[in-house]
Every structure is written in structure tokens, then in C-alpha cells.
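The values are calculated or read from the model by the stated rules, or taken from the named source; none is laboratory data. Here the structure is a predicted model, which means the values were calculated and not measured. We place every Cβ from the backbone using ideal geometry, glycine too, and count neighbours over all the protein chains shown. Areas reflect the complete protein model, heavy atoms only, side chains present, ligands, DNA and RNA absent. Shrake-Rupley method; radii C 1.70, N 1.55, O 1.52, S 1.80 Å.
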Amino acid sequence: MPELTGVGVSPGTGSGPVRRFVEVSLPSPAQAVPHGDPHLERARALAALEAVAVDLEMRARHATRPEARDVLNAQSMMVRDPGLIGGVSGRAMEGATAAVAIGRSFQIYRDMLAVTGGYLAARVADLNDLRDRAVARLYRLPMPGIPVSDEPFVLVARDLAPADTALLDPAQVLAIVTEQGGPTSHTAILARSLGIPAVVGCPGAASIAEGTIALVDGASGVVRLDPSSSDVERVRRAAASRATAAGAVTGKGMTSDGHPVPLFANIGGPGELAAALTHGAEGVGLYRTELLFLDRAKAPSQEEQRDVYREVLEAFPAGRVVVRVLDAGGDKPLTFLPAPGAEPNPGLGERGLRLLRRYPEILTAQLAALASAARGLPVKLQVMAPMVTDIADAEYFVKACRKAGIANAGIMIEVPAAALRARDLAPAVDFFSIGTNDLIQYACAADREVGALARLLDPWQPAVLDLVGIAGHAAHEAGMACGVCGEAAADPALACVLAGLGATSLSMNAPALPLVRAALAAHTMDECRHAAKTARAAASAAEARAAAREHLHALRDMGL
Ligand code: PEP
Ligand code: MG
């Protein structure tokens, strides 16, 4: 039975016929034969754009999930952008063919976005998709994108744009396999939030033939082709067990012998509160505030910030909300807060707290907004800084919090230096929160955005487990809380290991909460500690995963 191996990024197993993401090889602009009549070329180009907009609108109307509807509506608005339409018209009237007029006009928008990098550059993929749709329409080629199928399928693609992933219907897509992409890519994060098993960074995936039956294990990263019927039956049973397990345990996070491990949600703004509450989050473990600052020419006012923060704080009257101050720079560049000089390696540059130390007025305003948002509310507000490296960083941040009247100030442990010397940092702060996404990229010197490095970005890397263990131990010695808020906490097996390594709470994308809650409730704290110990003793990520599972006996019965 042929087998491919990638990186499992969304646990669970799925099996079914492969449908490939429809890629269309478009004729190059040079191949486009000019019609000779500029009016006709312009009319053809505009009709193609409008047809794409109408198609997207129609799909939005039929989309069942609000996120999908929003993405589709935003895309149809992009195609109808007056600037784009004006550009296409002008170029056609100057003698360009319809295809060239469309291609060049999109190019201008793409170049503008590409230089911004990070989150915004991700929209380049959306623009490419829209251009390809318009040109496919011109040449009457099949539309690129998610295939249409009468039966559920395993989706195989070279890579998926965030807009494609947002549209996936979990009832239709049994699993995802991509040749490119890494564990912290948007595809991985969205797949996890949709509960679709996924393997990324899987060499050879793009050449799996349409219709081949594939069995995908989103935990181990193994993709089996043409599996036996007994294997398929096993997978079907596992999926049913997962659904049962996820619905079986409610309430607060704790191990089977009653050790509390509070479970929190990661959110980017008030829009994600509903999902957090639905999935039983006990609070927010990571509120990424940068979304509020994105796409702005200047920082939002203190009042605007206060109102948004208050909405989040009010959602958990009896709980806890951990807010991260602005984490700009690196993969999250902000227009109004540029890194001061050219940075050949933005991930290693002035990002997070480093940038806030350069612009202290931004930090002061944000802390003041947070303090005033929390005034009079029963919620426990905790505020933390990203990209803290040493004691000077930690002391700087805590001092700024105290000055703003914030009593509970912590730091993210996401730089290996901070993890290794956590014992020195602990006395200076009120809590730690381990950001495994960045901790992995810095520990393994592997850019989290580079899919080709997916193997190195595996959170089961024993070196990463060591760093978590060191920070967890230092926090324990200091009698201090140490949460984990990176994506690693969303993997039920790893969640148990993290608790065993000393994590006192876990925070993740909300849909991952039920299975993590069930996995913790099925094991004692001692089992979690044994699993952690044997995983740390392993020599590779794969061995660590397998060794930990030996102690986490209930996972198999839960379909994990
Ligand atoms: C992390 O680095 O693990 C983290 C939680 O923060 P972000 O993914 O926003 O960098
Ligand atoms: Mg981070």
C-alpha cells in the first residue's frame, strides 16, 4: 500500500476518493490574440469580471457558514472595485487584449500588497485567484478552486489560499492534503478550526491521481493510498468515536483525577467570542489585539480601543481574559508602525515588545485603554507582552503595566533565550504564557511561513518540549501560572503532554476545545507526566509522539 508522509496539523483520520483542487493553466497574455476592436475587448473583459462577481455572490448566498459568506462577499466586492474596472477599461481602450488588460490591472494591486508582507501579502493569493477566475471565464475554461463533487472527498492541492480553506464544508471534505504549507500556515489553522483532518508539507501529494482512495491521518501525517477495506472501516469508526468523545465531556478542563487545567480560547477580536462561549471556553487565553490595528494609517484612539476591549472583558464575568499587547512586526507588519530600518530578517528584527519599546506611546495608550476597559468589571484581566527576550524586557513591561494600574502582568515565552532562563524572569513577572508557534520557529531556526520547512516546525520536536519543560519547571518553582497559547495546545495528545510538562492552562482556537477537554478528562495527571517524560527522552518528533501515546491509553478509543 503506497504511503506518503507529511506533517499532521489537524488531528483525526479521514478516508475517501481524492478530488484535486482545480488548477487551470491559463494562456499567457502573449498568446492572447488581439481582436482589433478595443470596444469589444473592453466589453469582453468587463463581462468576464462581472460574471466572476455574480458567481461569487451566488456562492455567498448559498454558503452556510458566516465566515465563508464574508470571504465570498469580500471577493466579489474586490472584483467590482471601481479602480480595478477603470484600469481594465483604460488598458483595453489603449489596445490591450481583454486578458492582458485584466492581468496587468491585477498585477498593479498585487505589487502594492506584496510589498507589505505578512497578513496582507496573504491577500495576494486571493487576487491571483480572482484574476485566474476572470481569465478562465474569458477562455471558457473550468473555474479554478475547490472541486464540485456529489460525494464527500479528500481534497488534495499543491497549496490552498486562506479564502479557499475558509470555504470548505466539513461535511463534504473528509480530509485535506497539501504538498506545501506549514503547521502554522493559515490553511493549517483554518483546517483545525473546521475540525477537518489535515496533512501539509507532503511531498508527492500533488501527483496523487484523481479518484484514488486515500486514508489520511492528520495526527501522524501519514497518507495511505488504496487502503484495505478494514483500514477504511477503522477510520470510519474512529471518526464516530471522535464525535462521541467531543460531545461527552463538558465543564471545566481537568484530568481524570481532578487536577484543574483551565481551557481558554484564542481570539482576534469580539467577533470570535460566540465560538469561544459555544465551545465552553473558561475565558480567553490569548487575545491577539493586532487585528484592531491592521489596515490603519494611525493607531486607533484610546477610546475606540477601550470599547472593543470592554466587549471582550464583559463576555467572561466570572472568568479570565489574557490580552496580548500589540505584536507588530515580523509576520504582522503594520502600516503606521514600520520597523525603523530595512530588516533582512523581519522575524529576528524589531517586532513585538522590541517595537513597543521604540514607540512607548503606543504601549502606554494601549495599557491605559485596557485598564479603563476593565474598571468596575468582575473579570480577571491579565496583560502580557510578546517577544520578551531577557530580564530587561520583562522588567520594562511590568513597570509600564504597574504605571497604568494593571496588577497582573505577564510575558510570553516564545524566544528560546527566555525559556532557557525562565528562572531569572519568573520573579519579575506575574505569569508566563508559552507561545509555541514562535518558540518552534526560533528553536529550530525555521521560518514559520515557509512550508518547505514543515518537518522542522513540528511541535513534537523534543528540543521544543525541552524548552516548554524548562519554562514550566521554573514557573512551578516560583509558584506561578504558566499557560500555553500556541497552536500546539490544540492537539489533544500534545495538550496532555503540555500539562505533564507543567502547563497550568491551555488556550487554543475554540473548535479544538471539546476534544482537548475530553483527552484531559480521560487521563490522570501522572499519565500526562509520564507521557511528557518519555516524549522528552525521545530523539525525534515522530518518536516523541509515539512514545507519549503509550501512556495516553484512552486516545485510541477516542478515535485520536
Ligand atoms: C505563538 O507565537 O505561539 C503565539 C501564540 O503567537 P502568534 O502566533 O500570534 O505569534
Ligand atoms: Mg508569537
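Before moving on, here are some points about what is shown:
- Only protein atoms count toward the accessible area here, which uses a 1.4 Å probe; on the chain, the carbon and sulfur part of that area reaches 56 percent.
- Mean silhouette area of region 218-352, derived from the convex hull of its C-alpha atoms and averaged over all directions, reads 13.4 nm².
- Along principal axes, Cα extents of the chain, largest first, whole Å: 79, 62, 40
- Under 14 Å, Cβ to Cβ, from residue 310 - net charge with Lys/Arg +1 and Asp/Glu -1: -3
- When GluC sites (Glu not before Pro) are flagged only if DSSP places them in a loop and at most 12 other Cβ atoms lie within 10 Å, the longest unflagged stretch of the chain comes out as 211-560.
- In terms of its alpha-carbon gyration tensor, region 442-560 comes out rounded; the largest-to-smallest axis ratio a/c stays below the 1.5 threshold.
- Placing +1 on each Lys and Arg Cβ and -1 on each Asp and Glu Cβ, with no other charges, gives region 413-560 a dipole about its Cα centre of roughly 240 debye.
- Segment residue 342-residue 250, length gained on full extension (0.36 nm per residue, minus Cα span): 28.1 nm
- Shape of region 316-463, Cα gyration tensor, a/c cut at 1.5: prolate
- Ratio of the Cα radius of gyration of region 165-223 to 2.2 N^0.38 Å, where N counts its residues: 1.04
- Residue 70 contributes an accessible area of around 100 Å² to the protein surface, as traced by a 1.4 Å probe with all chains present.
- Once you reduce region 259-296 and region 361-439 to the center of their Cα atoms, the two points are 17 Å from each other.
- Translational diffusion of region 408-495, µm² s⁻¹ [Kirkwood Rh, Cα pairs; Stokes-Einstein; 37 °C; 0.692 mPa s]: 253
- Using the Cβ-Cβ distance between residue 107 and residue 298 with R0 = 41 Å, the FRET efficiency computed as 1/(1 + (r/R0)^6) comes to roughly 0.90.
- Calculated [222 nm] ellipticity per residue, helices only, for the chain: -14000 deg cm²/dmol; basis is -39500 (n - 2.57) per DSSP H run with n ≥ 4, divided by all residues, nearest 500.
- Enclosing the Cα atoms of region 299-393 in their convex hull gives a volume equal to 107 cubic angstrom per residue.
- Take the chain with all the other protein chains still there, run a 1.4 Å probe, and you get 41 Å² of accessible area per residue.
- The spread of Cα positions in region 254-557, taken along each principal axis and listed from longest to shortest, comes to 52, 44, 34 Å.
- Convex hull volume per residue, computed on the Cα atoms of region 452-505, equals 71 Å³.
- Computed Kirkwood radius, in angstrom, where 1/r is averaged over Cα pairs of region 339-390: 12.9
- If the segment from residue 237 to residue 524 were pulled out straight at 0.36 nm per residue, it would be longer than the present Cα-Cα gap by 100.8 nm.
- Solvent accessible area, Å² - residue 505, 1.4 Å probe, full protein context: 10
- Once all protein chains are placed together, residue 534 keeps about 50 Å² accessible to a 1.4 angstrom probe.
- Per-pair calculated FRET efficiency, R0 = 22 Å: residue 358 and residue 291 via Cβ, rounded to 0.05: 0.55
- Positive-pole candidate from 416, 405, 178, dipole of the chain, charges at beta carbon: 405
- Partner lysines whose Cα lies under 21 Å from the Cα of residue 399, excluding those fewer than 8 positions away in the same chain, are identified as 380.
- Label zone at residue 39, where the point sits 7 Å out along the Cα-to-Cβ direction: region 91-113 residues whose backbone N lies under 16 Å: 92-95
- Label-point separation, residue 557 to residue 421 (7 Å along Cα→Cβ), nm: 4.8
- Check: region 357-481 dipole with +1 on Lys, Arg Cβ and -1 on Asp, Glu Cβ, in debye: 460
- Centre-to-centre, using Cα atoms only, region 311-342 and region 79-109 are separated by 37 Å.
- Members of 332/403; 252/533; 252/403; 403/533 lying beyond 31 Å, as alpha-carbon distances in this model show: 252/403; 403/533
- DSSP H segments from the chain that extend 15 Å or more along their own axis, Cα-based, with Kyte-Doolittle mean of 0.0 or above: 82-93, 98-114, 360-374, 391-404, 462-477
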